[in-house]
Every structure is written in C-alpha cells, then in structure tokens.
Amino acid sequence: MKKTIAILIAVVISVGNMFAQTASWKKSRHSVYLGGGFNWFIGDFDRVDGGSKTLSPKLMKETSYSFDLGYKYKLTERFSLRFSVLYSKLTGDDTKSRDDAHKHRGLIFKSNSFDFGANIDFFFIKEKEVNKPNFWQRWSAYAFVGLGLLTYSPRWDGPTVGTVKNGDKLRDLHTETEGYNPVAMSLPIGLGLNCRITQKLYLGVEWALRFTTSDHVDDLHGDYNFETQGAKDLNFANAVQGSKRGGDDHLDWYSTLLFHVGYKFKNSDGDVHFYHRPKYY
C-alpha cells in the first residue's frame with residue numbers, strides 16, 4: 001500500500017513538473033511598471049491648421065507630458081489584465097490656430113488630468129520565457145483596449161485678464177451656458193512593444209488613442225455665457241449671449257506615447273508568494 005501511494009505521488013509530481021515546463025508563462029504572471037512620455041490633446045482646438053475635424057502632423061508639435069504606473073496579471077499566454085493610473089497635463093492654445101474665429105476666441109487652457117483604467121492586452125507576438133533568449137526572443141508586442149475613469153479640471157493658462165488670473169478654474173467662471181461634471185469615462189485603444197532586458201526587467205513603448213465621453217475636457221462645448229464677470233473678461237466682445245463657442249458635434253480625445261520600465265515577479269511554481277511557505281517531508 002505504501003509503495004502504491006509513493007508511486008502515485010511520484011506520478012503527480014512528474015505531471016506537475018511537465019505542466020510547469022509547458023506553461024512557463026505562469027512563472028511570471030505578475031508584473032509592475034512605471035513610465036512617462038508625451039500627449040497631444042485634440043478636443044475643440046485646431047491649434048495649427050484650422051478646421052477642428054482635420055488632423056495634421058503639425059499637431060504633433062503641440063505636446064505636453066504624461067506619467068503612468070500600473071500592475072499587470074497574465075490571464076493566459078496571450079491575454080493580460082492591466083490596471084493603471086495615468087497622469088496627463090493636457091493643454092490647448094487658440095492663439096496658435098490659423099482659424100480666425102478660434103484665434104479670436106483666445107482660449108488658453110491646461111488641465112491636470114488623472115485616468116484610472118483597466119485594460120485587456122492581447123499579445124500577438126508572445127513573450128518568450130526562455131533562460132537565454134536570442135535577440136528576437138526578447139521582443140513581444142500587443143494590442144489593447146480598455147475602460148477608465150477620467151478626472152479633469154480645465155484652468156486658464158494665459159496672462160491675467162480682468163478678474164481672471166492664471167490657474168483659475170474655467171468651470172467656476174461659467175464661460176458657457178451649460179455646466180458640466182469634471183469626471184468622464186475614457187476608452188483607450190492602442191499598441192505596445194516590449195523588450196526583455198533580464199529575466200525580470202523589461203523596457204516598453206506604448207501608443208494609444210484615448211477617447212472620452214465628455215466634450216468639456218477643454219471647457220469648450222456649447223454657447224457663450226456673459227452672466228458672470230469671469231466669463232465677460234474671457235469671452236471676446238463680438239460674441240453675444242448664446243452664440244456658439246465650442247464644437248458640440250464630437251467628444252474630446254487625446255493621444256499618448258509612453259515609455260515604460262517594468263519588473264516581473266518570477267517564481268518556480270507559477271504563482272507569487274509573499275510569505276514563507278513551510279516545506280513538508
């Protein structure tokens with residue numbers, strides 16, 4: 001009887017070892033990363049070429065910065081679940097537009113925005129879990145889509161105008177007839193590329209389009225309002241109460257280009273242990 005039990009135990013252990021070898025991706029299911037890079041806000045600004053619906057490579061000159069950090073958990077060999085926090089300083093400047101009406105509008109804004117997101121990553125080039133990878137085995141690539149919660153607070157980013165000072169919240173000035181909530185949903189979609197440096201360390205680059213469910217990220221959406229002093233100071237004199245100020249026919253969005261450094265928690269049995277596991281003999 002003891003011999004039979006010993007054989008069964010040996011078989012179970014052997015099968016377990018075979019499975020661990022064929023499913024080596026389970027040895028690095030958990031990872032964290034941090035990074036930073038650039039963003040380009042579109043919204044209701046046509047900062048170079050005029051025509052808010054027409055994009056131009058020249059828009060890439062109008063950059064600001066972003067930073068993010070995140071945690072990733074591998075669901076399968078090709079799919080990962082990722083949670084992240086992205087900080088972006090979003091900016092826009094009507095004075096750089098070639099559209100006379102927009103230049104006359106004269107809005108210069110900045111916004112400290114946070115995006116709390118959950119993404120699904122699909123690795124169309126899988127990560128290779130080999131001890132001594134060659135050059136090509138170090139690379140992996142993925143596409144992702146997600147859902148997030150975006151907070152934003154557009155502020156005046158120009159010189160003092162009447163009672164309005166640099167940094168004043170545009171939402172509090174009631175520049176338009178319609179108010180808004182400074183929280184929206186975000187829907188990122190993009191591509192990423194990783195390069196493995198060591199068994200645990202990797203570098204990555206990621207590009208994304210980040211759509212939102214709000215048209216107020218830049219404080220531009222609807223009609224002019226002149227019922228408050230701050231709105232009178234910022235809104236140009238030729239506009240009248242209720243005339244068009246922003247483009248309400250499309251929602252705001254921006255893009256990001258981020259560079260990451262990541263760390264994988266590797267282990268021998270396919271899971272991460274944050275405590276001492278006693279051995280049984």
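The values are calculated or read from the model by the stated rules, or taken from the named source; none is laboratory data. The structure presented is a predicted model; accordingly, all values stated were derived computationally and were not measured. Glycine gets a Cβ as well: all are built from the backbone with ideal geometry, and neighbour counts include every protein chain shown.
Things worth noting here:
- Qualifying positions in segment 135-184 - aromatic (F, W, Y), surrounded by fewer than 18 Cβ atoms within 10 Å (Cβ to Cβ) and closer than 24 Å to F83 by Cα: W139
- Taking each residue of segment 172-191 that is on the phi > 0 side of the Ramachandran plot and looking for partners that are at pLDDT below 95 and outside any strand (DSSP E or B) with beta-carbon atoms closer than 9 Å, six or more apart or interchain, yields H174/N225; H174/E227; H174/T228; H174/G230; H174/A231.
- Restricting segment 242-281 to residues that are at pLDDT 90 or above and assigned to a loop (DSSP other than H, G, I, E, B) leaves a set whose member that is surrounded by the most Cβ atoms within 10 Å (Cβ to Cβ) is D252.
- Residue within segment 195-210 that is under 17 Å from A101 (Cα atoms) and out of contact with any His (no Cβ under 7 Å at 6 or more places or on another chain) present: no
- Flag for T163 being among the polar types (S, T, N, Q) and under 25 Å from T95 (Cβ atoms): yes
- Exclusive hit being within 22 Å of S28 (Cβ to Cβ) and either crowded, with 17+ Cβ neighbours inside 10 Å or under 15 Å from the mean Cα position of the chain (by Cα) (or both), set L191, L201: L191
- Residues (closer than 30 Å to E178 by Cβ and either assigned to a strand (DSSP E or B) or of a type in the set (D, E, K, R) (or both)) located in segment 199-220: A208, L209, R210, F211, T212, D215, D218, D219
- Whenever a residue of segment 91-107 is within 22 Å of S66 (Cβ to Cβ) and of a type in the set (S, T, Y), its partners that are part of a strand (DSSP E or B) and modelled with pLDDT of 80 or more, lying with C-beta atoms within less than 8 angstrom and at least six residues away or across chains, give the pairs T91/F41; T91/S64; T91/F109; T91/K110; T91/S111.
- Y73 within 25 Å of H30 (Cβ to Cβ) and either hydroxyl-bearing (S, T, Y) or over 19 Å from the mean Cα position of the chain (by Cα) (or both): yes
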